[in-house]
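Okay, so here's the structure we're looking at.
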Amino acid sequence: MSPAGAPAGGGSRLILRKLREIMAAGGAAQARLDALVRMIAAAMVADVCSIYLKRGDVHELFATEGLKPEAVHRTRLKAGEGLVGLVGETARPLNLADAPVHPRFSYRPETGEDPYNAFLGVPIVRSERVFGVLVVQNRVAKLYGDDEVEALQTVAMVLAEMVAAGGFGDLSGLADVEIRPSRPERLQGRAFSDGLAIGTVVLHEPHAPLGRMIADDPVREEKRLEEALQHIRADLQAMIDGDPGRLSGVSRDVLETFALLAQDRSWEGRLRDGVRAGLSAEAAVERARQEHRAKMQGARDPYLRERLHDLEDLDNRLLRALGKAEKLGAQPMPDDAILVARDLGPAELLEYAPGRLRGLALEEGGQSSHAAIVARALGIPMVGRIQSLVSRVEPGDRIVVDAERAEVQLRPGVDIVRAYDQRIALRSARAQEFARLRDQPAETRDGRPVSLLLNAGLTLDVQHLGETGAAGVGLFRTEFQFMVSETLPRLEAQTRLYRDVLEQAGDKPVTFRTLDLGGDKVLPYMVAEREENPALGWRALRIGLDRPALLRYQLRALIAAAEGRGLRVMFPLVTTVEEFDAAAALVQREMAWARKQGAQGPARLEIGVMLEAPALAFAIDALKGKAAFVSIGTNDLMQYFFAADRNNPRVGDRYDLLSVPALRFLREVRTACAAAGLPLSICGEAAGRPLEAMTLVALGFDRLSMPASGIGPVKRMIRSLDAAHCARALEPLLQSTKNSLRTELSAYATANGVAL
């Protein structure tokens with residue numbers, strides 16, 4: 001190797017050009033690999049160049065220049081064994097001047113590597129999966145320069161894409177090695193939106209195409225990169241200048257942080273280094289994205305992880321700008337698309353064509369995440385919390401999303417697909433049964449009527465009113481309009497949305513919940529001040545009362561939309577009666593303003609409260625004569641009741657609403673509301689599950705609000721239930737000390753013919 005080392009730009013360009021020539025020349029896979037290591041050794045003036053590919057838990061020597069040829073396919077290093085195993089284990093380069101003295105050095109006599117001292121190994125990584133190691137060695141003891149490390153990493157990245165895409169032919173004949181995922185797999189996760197779907201994988205963040213990995217003209221590529229950088233910077237600045245609204249003193253922080261990161265010279269420098277080294281602009285961004293993901297995996301500090309996530313978001317924006325795709329869903333999509341992603345926001349999900357989207361599978365996400373709520377509104381099956389999902393799939397793979405069993409099947413065999421086809425047919429038959437119940441009353445066998453209402457957040461949710469036969473909308477989450485918009489929705493846009501909802505509902509009631517922001521709900525144009533525990537911090541009505549202009553703006557839109565109609569408004573996370581009084585006063589102030597403008601206003605106004613903070617449960621009597629109704633929000637109420645973050649997988653499922661303490665508490669709330677003459681409803685995911693709904697009806701609740709998918713199953717359950725008999729059976733169970741009554745209640749349903 002030259003004393004100064006190969007320049008990162010010129011050396012990399014030479015190697016990449018020759019790499020493409022080898023790929024284009026054709027021939028057997030082994031011959032191509034042999035030509036590749038000879039070329040890299042010559043270009044980098046190395047005594048040895050070797051490629052190890054992973055086969056199961058073993059790194060196998062696939063090609064070498066400088067070691068003994070007979071070692072190829074014979075030398076195999078177990079997981080973590082030797083310096084090659086260390087590189088594969090850490091997924092980081094290893095640069096040593098005197099390799100034999102390293103404690104992890106493993107001598108293999110069949111390779112004949114006795115005289116080599118200098119060692120540089122870099123991982124061959126794709127989608128965070130290390131499937132090989134690229135090594136160069138020299139007799140002289142010296143550390144390789146940063147430019148040499150950079151050059152070898154660049155080659156390894158392109159090599160990974162080429163091997164995965166079959167650029168070196170079929171390697172399966174050389175050994176049982178899985179370069180790109182190909183075997184059937186079953187991965188467990190958590191179900192976030194019910195249903196079953198079989199389809200084709202569409203990656204939310206696809207790889208740069210193979211044909212665009214190596215640049216023909218680095219100068220042109222740098223110009224393309226510059227134009228894309230200018231494009232995203234201009235977009236961010238336009239958003240900052242476009243009056244996104246002020247929710248707090250730091251409402252512009254998130255945009256300004258993004259704009260600042262987009263000007264980061266270190267980030268831009270790495271991108272320019274990539275194109276100058278011979279990569280296409282897309283490949284340079286892909287490399288930066290992989291580096292940010294690798295750092296994010298190792299980052300323990302939440303703030304650092306947040307910043308790295310922002311950088312990855314910028315990488316994705318830049319890739320879209322390079323591809324001239326204004327919309328995430330602009331890529332061609334099959335009719336049976338199943339979207340696979342690390343995580344997804346509601347705005348991103350809505351940019352995909354809903355008619356073609358059959359399912360959703362995420363590595364992250366949560367039961368109450370915004371993407372999950374939108375998926376339920378769209379009727380799209382969704383499974384999340386699937387570890388290493390993105391690294392296990394390729395675009396075009398067949399996949400099954402099974403939200404009944406909270407799992408996905410990757411590349412399923414014929415027998416698996418046939419079994420799922422049968423299950424999908426059974427679900428279709430069951431859906432037809434629910435459809436036949438649409439116009440039947442939701443009334444128990446002993447004559448007790450139960451009002452079944454919808455939870456909604458989008459206008460398309462309200463379309464389910466007619467399909468399901470729901471009695472109205474028990475909860476319309478108004479924050480979704482704000483969350484899917486790049487800027488604060490103007491008064492006209494808010495008014496138009498609320499009017500559309502009321503018109504679609506016809507004579508059925510709609511309860512609008514004012515903005516429930518903060519905690520895990522952050523707007524794209526606003527970031528809340530950093531808090532240690534945002535779920536217990538500045539959120540929901542607390543924001544509205546501290547920044548009343550935003551709440552008044554929304555109330556003005558609601559009042560205008562309800563001209564001549566009934567208007568039901570509900571405030572989220574009310575903790576004290578004083579907070580409710582202050583919020584109700586804002587409603588009356590806006591009503592007075594509307595009358596001054598000559599507006600007719602709503603024909604009937606009802607102001608209610610959402611009970612999510614346990615403290616309010618002990619002040620219900622003070623709401624008498626003030627509030628028109630109370631609605632229990634089980635998602636947040638149970639979170640605060642059990643002191644368990646519902647989005648934390650370690651504790652989110654630890655406590656059960658069907659536990660004795662929770663059911664006793666709900667019964668006390670129902671009793672207090674009855675004494676105060678306050679109509680009471682209960683809404684949340686629990687109300688849409690037949691077993692939980694059965695128990696709530698037995699406790700005396702007769703208004704349940706739920707996702708559209710829950711209406712049919714819950715109505716069927718209600719029509720098979722003797723509510724009085726169930727209430728009598730529940731009473732002695734409430735005296736027990738068991739953590740959960742789920743088993744006993746399920747047994748009751750089975751024994752008494754309750755359809756669950």
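Values quoted throughout were computed directly from the atomic coordinates according to the rules given, and no laboratory measurement underlies them. What you see is a predicted model, and the numbers here were worked out from it, not measured in a lab. All Cβ positions, glycine included, derive from the backbone under ideal geometry; neighbour counts span all protein chains shown.
Taking 0.36 nm per residue of sequence separation and removing the Cα-Cα distance, the ALA419/ASN635 pair yields an extension gain of 74.3 nm. Considering the zone a paramagnetic label at ASN752 would reach in this model (a point 7 Å from Cα along the Cα-to-Cβ line), which residues of the range 704-727 have amide N under 18 Å from it? Only 714-727 pass the distance filter. Taking Cβ atoms as reference points and 13 Å as the exclusive limit, the residues near ALA622 contribute a net charge of -2, counting Lys and Arg as +1 and Asp and Glu as -1. Pairs with C-alpha atoms separated by more than 26 Å, drawn from the list LYS626/LYS738; LYS18/LYS68; LYS54/LYS223; LYS18/LYS223, are LYS626/LYS738; LYS54/LYS223. Shape of the range 437-751 from its Cα gyration tensor (a ≥ b ≥ c, root eigenvalues): rounded if a/c is under 1.5, otherwise prolate when a/b > b/c, or oblate? Prolate, because a/c is 1.5 or more and a/b exceeds b/c.
Starting from the Cα gyration tensor of the range 8-164, take the square roots of the eigenvalues, sort them a ≥ b ≥ c, and report rounded, prolate or oblate (rounded when a/c is under 1.5, otherwise prolate if a/b is larger than b/c, else oblate). Rounded.
What is the list of residues in the range 729-756 whose amide nitrogen lies under 19 Å from a point 7 angstrom out from the Cα of GLU668, following Cα to Cβ? Of the residues in the range 729-756, 731-741 have backbone N under 19 Å from the label point off GLU668.
The label-point distance for SER428 and SER106, in a model that sets each label 7 Å from Cα toward Cβ, rounds to 5.3 nm.
Between LEU545 and ARG265, the distance separating the two model label sites (each 7 Å from Cα on the Cα→Cβ line) works out to 4.9 nm. Among SER106, SER193, sorting on how many other beta-carbon atoms sit within 10 Å of each Cβ, with the fewest leading, yields SER106, SER193. A cut-off of 5 Å between modelled amide H atoms, ignoring neighbours fewer than 5 places along the same chain, links ARG55 with GLU60.
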